[in-house]
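Just below is one structure, and these are the notes that go with it.
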Amino acid sequence: MEKKLSSLPKIKNNKKRGQAAEVWRRLKRNKMAILGLILISTMIIIAIFANVIADYETVVIKQNLSNRLQAPSMSHILGTDEFGRDIFARLIHGARVSLKVGVLAVGISIVIGGALGAIAGYYGGHLDNIIMRIMDIFLAVPSILLAIAIVSALGPNLINLMVAISISSIPGYARIVRASVLSIRDQEYVEAAKAIGASDTRIILKHIIPNSLAPVIVQGTLGVAGAILSVAGLSFIGLGIQPPAPEWGSMLSGGRQYLRYAWWVTTFPGLAIMITILSLNLLGDGLRDALDPRLKH
């Protein structure tokens, strides 16, 4: 009997590994998803080692007007901006800012929105009605307008930017988790956990939330792309990351007046935003297909 009980964790771990291997096998069949994974992984690696590639103080933010608006060349492979700063160096440091804000903002949204959605879906009744009506109020305001209002009130900096984007994204994750919980809470294993006296907190954390993560993972991947786009949009209008810190949206804003005769100042930041969002969307679509049990066979 003791041997059987001791073997249960091993069986559970082997099952989890088997499920992960099956998801990875289905993901590998989607060539576009793998392309997105390669692109975003490359960008993450470049962002991690940005200081090794280009020094922040001497290359990224230091102005050198004698090199102003130089076209792409061997010395500056993507050219220089209106202040003589290397665009390639600013792009890779801007990737660090955009990815950090995108991932952290979505992480905060998932934690808060997921908790609210799980509570609303599990308990139902008046509590569900109150939580979801509050979420509906937030959804009635366009997310970018809500983010603009929050940043304008709190001030434009990195922390406030993450708070603004995360608050505007919470309702979406709350609704997704709630929908998953409503379909899970009446399953046999949840009823069994209740029968043996498990607390509501344990049931939610151990049984319900782990089994409702698949749509959250997919939406989170797509949400990072949306958050990066929101960061770029807010920075473009002056409510995001403030100069001289490198950020793709502010680089677009600063270079738009030179578009006719210095195309590289805006083209490369725009391409960076496009490639990042495209790669995340491709990966998100692939994860959706790989995690969908209806496509297992």
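Here are the numbers for the structure shown:
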read-out: Summed side-chain charge close to Leu35 - residues other than Leu35 whose Cβ falls under 14 Å, Lys, Arg +1, Asp, Glu -1; value: +2
read-out: Where Rh is the Kirkwood radius over Cα pairs, Rg/Rh for the chain; value: 1.07
read-out: Candidates Leu161, Leu27, Leu127, ranked by Gaussian network fluctuation over the chain, Cα under 10 Å, top entry; value: Leu127
read-out: Surrounding net charge for Thr266, when Lys and Arg each add one and Asp and Glu each subtract one, Cβ distance under 10 Å; value: 0
read-out: Charge-dipole axis of the chain as Lys and Arg at +1 and Asp and Glu at -1 on Cβ define it, positive-most pick from Ala153, Val101, Leu278; value: Leu278
read-out: Size of charge dipole - the chain - debye, nearest 20, with Cβ of Lys, Arg +1 and Asp, Glu -1, no other charges; value: 1060 debye
read-out: The chain, helix-only ellipticity at 222 nm - DSSP H runs n ≥ 4, -39,500 (n - 2.57), divided by all residues, nearest 500; value: -24000 deg cm²/dmol
read-out: 3J(HN,Hα) from dihedral phi, region 202-215, Karplus parametrisation 6.51/-1.76/1.60, rounded to Hz, x for glycine, proline; value: 5, 5, 5, 6, 8, 10, 7, 4, x, 8, 10, 7, 4, x
read-out: Length gained when the stretch Leu205-Ile130 is fully extended (0.36 nm per residue, less Cα-Cα span); value: 24.8 nm
read-out: Sequence-distant residues sharing a close amide H with Phe83 (under 5 Å, placed H); value: Leu69
read-out: Length released on extending from Ile112 to Tyr258, taking residue separation times 0.36 nm less the Cα-Cα span; value: 48.3 nm
read-out: Karplus (6.51, -1.76, 1.60) ³J(HN,Hα), θ = phi - 60°, over region 158-170, in Hz, Gly and Pro reported as x; value: 4, 4, 5, 5, 5, 4, 4, 5, 5, 4, 5, 9, 4
read-out: Cross-link pairs beyond the 31 Å C-alpha cut-off, checked among Lys100/Lys194; Lys100/Lys206; Lys28/Lys206; Lys31/Lys206; value: Lys100/Lys194; Lys31/Lys206
read-out: Label-point separation in nm, Ile45 to Lys100, each point 7 Å along Cα→Cβ; value: 2.2 nm
read-out: Residue of Gln63, Gln257, Gln187 that the Gaussian network model of the chain assigns the largest fluctuation, springs spanning Cα pairs under 10 Å; value: Gln187
read-out: Residue of Gly125, Gly223, Gly197 that the Gaussian network model of the chain assigns the largest fluctuation, springs spanning Cα pairs under 10 Å; value: Gly197
read-out: 3J(HN,Hα) from dihedral phi, region 221-227, Karplus parametrisation 6.51/-1.76/1.60, rounded to Hz, x for glycine, proline; value: 4, 5, x, 4, 4, x, 5
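Just so you know, all these numbers are worked out from the coordinates, no wet-lab data involved. Just so we're clear, the structure is a prediction, and the values are computed from it rather than from any experiment. Glycine also receives a Cβ, built like all others from the backbone with ideal geometry; neighbour counts cover every protein chain displayed.
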